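Asker: Take this structure, written in structure tokens, and hold onto it; I'll ask about it next.
Bear in mind that the values in this text are calculations on the coordinates, not laboratory data. Note that the structure is a prediction, hence the values are computed from the model and not measured. Reconstructed Cβ throughout: ideal geometry from the backbone, glycine too, with neighbour counts over all protein chains shown.
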Amino acid sequence: MTEAVATETVTDEERRRWRLILGRATKEDALPLSAQDAQMDAALEALYADKEFSDSGGLGDSAPQLARWLGDIRTYFPKPVVQMLQKEALQHLSLNDFLREADLLKTIELDVHLMAKLVSLNETMTAETRDTARQVVRKVTEELQRKLSAPLRTALNGAMSRALRTTRPRYKDMDWARTILTNLKHYQPAYRTVIPERRIGFGHHTNALRDVILCLDESGSMATSVVYAGIYGAVMASLPAVKTHLVAFDTNVVDLTAELRDPVDILFGVQLGGGTDINQALAYAQRLIKRPADTILVLISDLFEGGDQEAMIARAGQIAASGVQMVTLLTLSDDGIPNYDHEVATTFAALGIASFACTPDMFPNLMAAAIERQDLSAWAGERGILRTGQP
């Protein structure tokens, strides 16, 4: 009886990939590299190899060398890989090369995370470099605005139209289509008509329908949330039916409402990092509340309070009890559920303040639900969002 022995055949392509993964550290079973593979290998070697295997000793402090490396990875790797390699480089190296050489900033493939990191270094830049950084950030911000503004405008305009409906309209304000649809059950065959027992019409407003206060934690863990909140805040500020305030805080409070015309001004107006005093921020937001029943307060924070936690919880309870629709977003990003203060979040839930993580694409529908005064905890539950204080 012949016993079959399974053998595993390694293809040249698989050997090539392992060679690029392992680098020059591997001596065994390595294929010669093509000219392009050699360039890819050199770019990876410069970033990842130990110095004993690197001719250049890594990327070093040379700006020209770093510029060449950035050019190489953009040539040989797709954009998602380029962004990943840049993140790795920024973790291994200081950013002095980038900040000294304004031209280097133009070569970076920015995503939201790198943009947030760049903005966080605003105070360490020279005037020339800061100007270049603003240009780079503006390019990415405009791309994000194009992507994010349409869904937000659509959701909010729809919610505001529904919120403005009245059941006692004047004749010229009648919404005939909705009135007929609502009263079809009252159709009278003998008269071949509908008797409108319930009339629906369009309301009017001369002032903002809702006041929205975005209260934004500047601590380092909230960096990507700052980017998205700044962009969404600018979009909402352009809608006449929503009066938007933007308040950023660490241990101090900065009102950035005047900067809402330009999200880049917002991003360069915050100072990422530092401590956190949520109670002080809520106290400032409380002074902005003029119409509690028509106000939505969005606290974007991981809820780690560096100030008086007991006072902060009491103040949040006062705000919610006054009729303000308050919600805490533990993050406004695609980074998943962050580390947050579970005890405070659970206490907030008991006060009727929903707390959950929110992705950027979910934010428009969240704000629409808030404008319609839906139960935001139930809204989150229907979408499978993990809510604090829930099993």
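Asker: As an exercise, use a Förster radius of 45 Å and the Cβ-Cβ distance of residue 255 and residue 18 to find the FRET efficiency, rounded to the nearest 0.05.
Answerer: Step by step, r from the Cβ atoms, then E = 0.20.
Asker: Rounded if a/c is under 1.5, else prolate if a/b beats b/c, else oblate: with a ≥ b ≥ c from the C-alpha gyration tensor eigenvalues square-rooted, which is the range 229-298?
Answerer: In terms of gyration-tensor shape, oblate.
Asker: At 7 Å along Cα-to-Cβ for each site, give me the label-to-label distance between residue 291 and residue 374 in nm.
Answerer: Taking the simple label geometry, residue 291 and residue 374 are separated by 2.2 nm.
Asker: Report the semi-axes of the equivalent ellipsoid for the range 282-387 in whole Å, largest first, where each axis is √(5λ) for an eigenvalue λ of the Cα gyration tensor. Don't skip to the end; give the middle numbers.
Answerer: Details: eigenvalues 80, 63, 28 Å².
That gives 20, 18, 12 Å for the three semi-axes.
Asker: If you average the sequence gap of Cα pairs under 8 Å that are 6 or more apart and divide by the length of the range 288-391, what percent do you get for the contact order?
Answerer: 27 percent
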